[in-house]
Structures are given as C-alpha cells and as structure tokens.
Amino acid sequence: MSTLLHIDREEKQLREQLAKLPRKKWKFLGRIPLCILFIFIGPYIPLRHNTMMGYMGYMGYWEAVTATTILFLVLLPFSIYFGIKEVNEEMLDVERKLIRLKYKRKELEVAQSSTLQDQ
C-alpha cells in the first residue's frame, strides 16, 4: 500500500513538473529583447582594458551595430532552437516516466488483487 502512495506522490510531482515545462520555452524568446538592446549598447563596451570606445573604435558606430546585428541574426535562432529542443526532450522524458509509473501501478494493483483473492 505504501508503494502505491509513493507512486501517487511521484506521479503528482511529475505532472507538476510537466505543467511547468512549457513555460520554460518562453524564457528562450526573452533573449530577443536583450539581444536588440545589446546591439545598440554593445559597440560602447570596451574590448580591452586600454580602449575606451570598444570595437566601435575600430569601425564606426553603425558598422559595429550592423556587425553585431549580423552576428545575432546567425546565433540567436540556433540558441532558441536548441533551447526549445532541450525543453521538448525534457518533456518527453517526464512523459515516459509517467507512463512507466502507470504500468508499475497496474502491476502492483494486479498483484494486490491476486493476493487478496488468494486469501
């Protein structure tokens, strides 16, 4: 009987975890505004300790903004894709665990019912 209670608790935890996982996908989309902000502020960040203008000193401001935009246009989709893929894999793992618990519960219920019938 205690094993069934343990399975119930574990199943409840997994269902709660499964309910929280789709919200994690939206966190990856939150990177977009940060990247847009960095595109315009990034050229002012110093690259070395002795340069005050950052990489904007090597090229003009708009060239630095364009270079950063191109960099983020290449990297951001990969980052979002792999982040969402990771969350999807985690959701599948939780679903697999729930299915295993379901079968385990059925086996225990069948075993308990057979022991009750034998008595």
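Remarks
- Cβ-placed point charges (K, R +1; D, E -1), dipole of the chain about Cα centre in debye, nearest 20: 160
- Each of Ala111, Thr66, Thr3 was placed along the dipole of the chain (beta-carbon charges, centred on the mean Cα), and the one lying farthest toward the positive end is Thr66.
- Contour minus Cα-Cα distance for Leu73 and Ile7 (0.36 nm per residue): 19.1 nm
- Solvent-accessible area per residue, Å², over the chain with all protein chains present [probe radius 1.4 Å]: 79
- With every protein chain in place, the chain: carbon and sulfur % of accessible area (1.4 Å): 65
The values are calculated or read from the model by the stated rules, or taken from the named source; none is laboratory data. Treat the numbers as computed from the prediction; the structure is a model and nothing was measured. All Cβ positions, even for glycine, are placed from backbone atoms using ideal geometry, and neighbour counts span all protein chains on display. These area figures cover heavy atoms from the full protein model, side chains too; ligands, DNA and RNA do not enter into them. Shrake-Rupley method; radii C 1.70, N 1.55, O 1.52, S 1.80 Å.
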